[in-house]
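Undergrad: Mind looking over this structure? Questions follow.
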Amino acid sequence: MIIKTIFVSGISSVIFYFFNLIYQLIFSKIFPNFTIEDTNYLLFFSFIKALSFILLLLLFFKIKNISFLKNKNNDHLLSNINNMFKYGSIIFFIFFIIFLVIIKCNMNFFDSMIYSNDAININNFDKNTMKILIIVLLNVILEEFYFRFTLVKVLEEKYSEKVIALISAFSFGFIHSVDILSIISATIIGYFLAVTFLKTKRLVYSIFLHYIINVDSIIILPIIKLFDPQEKLGENWMFLSSLIMFIIFFIIYILTKIIGTKNEKVR
């Protein structure tokens, strides 16, 4: 079963990578003067790719039951929010531990994650930053629609939810194979995003969680810099950022759990 799970994960990741490569080749031919550094081009490219790819997935896999995004039997808002923050807090806690161990052991995994990056600055939050945030959102929607929604719809009659979550996790990890840390990180994230979707039966929760994970540095780093203008933290901001996000998510998880328990008692 493990070999079959990894095989299916590999096939699904190859399909995604193949379609992504085709889109890049087509756009490079149609717009030869544009580069990936051009945010206007990236915004347009991301929008067209997300829209057309989602439509292709719906047509190719003959997915008609779009109401699966909103399951009438499992549409409890507070419970779904609670699950989302529960798995989100687990993700950020795991990354807090990973980053802490890596940094304290002086492992050089963060060469591309520079704390003094002027591009991420609370004073430079302009139209370009907004475009980047929209581009990230479009890519998140596409990835969630493929790795969560489509995979679940295609595999739900053949595999259990646990196996589907693993397939989603491995395939998500494979397409982020920049280095070993990226693969491990993406696999962990992919697993808990899949569990979030399977628990809530609504894509909006995994999209929100995925988006926050992707932009957490844009949200947290400017705040950290306000309290550390001399940038003495260095790369320690990585595990500190994860710790802050874990605390926020865990507090909201506890609050929604308490409110949900009180509502159950009232009933």
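The values are calculated or read from the model by the stated rules, or taken from the named source; none is laboratory data. The shown structure was predicted, so the numbers you read here are calculated from the model rather than taken from an experiment. Cβ placement follows ideal geometry from the backbone for every residue including glycine, while neighbour counts extend to all protein chains displayed. Please note that ligands, DNA and RNA were not included when accessible areas were found on the heavy atoms of the full protein model with its side chains. Shrake-Rupley method; radii C 1.70, N 1.55, O 1.52, S 1.80 Å.
Undergrad: Given I223, I251, I219, I212, which one is open to solvent by 70 Å² or more (accessible area, probe 1.4 Å) and modelled with pLDDT of 90 or more? Show your work before the answer.
TA: Working: I223 fails: modelled with pLDDT of 90 or more; I219 fails: modelled with pLDDT of 90 or more; I212 fails: open to solvent by 70 Å² or more (accessible area, probe 1.4 Å).
Answer to the check: I251.
Undergrad: Further, regarding this structure: Are any of the residues in region 228-242 open to solvent by less than 20 Å² (accessible area, probe 1.4 Å), assigned to a helix (DSSP H, G or I) and either small (G, A, S) or within 17 Å of Y146 (Cβ to Cβ) (or both)?
TA: Checked region 228-242: at least one residue is open to solvent by less than 20 Å² (accessible area, probe 1.4 Å), assigned to a helix (DSSP H, G or I) and either small (G, A, S) or within 17 Å of Y146 (Cβ to Cβ) (or both).
Undergrad: Would you call S182 free of Cβ contacts under 8 Å to residues at least 60 places away in the same chain and assigned to a loop (DSSP other than H, G, I, E, B)?
TA: no
Undergrad: Hey, among the residues in region 91-108 that are buried (at least 19 other Cβ atoms within 10 Å of the Cβ) and at pLDDT 90 or above, which one's nearest to Y191 (Cα to Cα)? Step through it out loud before you land on a result.
TA: Step one: of region 91-108, the residues buried (at least 19 other Cβ atoms within 10 Å of the Cβ) are 91-92, 95-96, 99.
Pick out the ones that are also at pLDDT 90 or above and you get 91-92, 95-96.
Values: I91: 10, F92: 13, F95: 14, F96: 17 Å.
Checking each candidate, the answer is I91.
Undergrad: It is to be established whether one or more residues within region 109-119 are at pLDDT 85 or above and aromatic (F, W, Y).
TA: no
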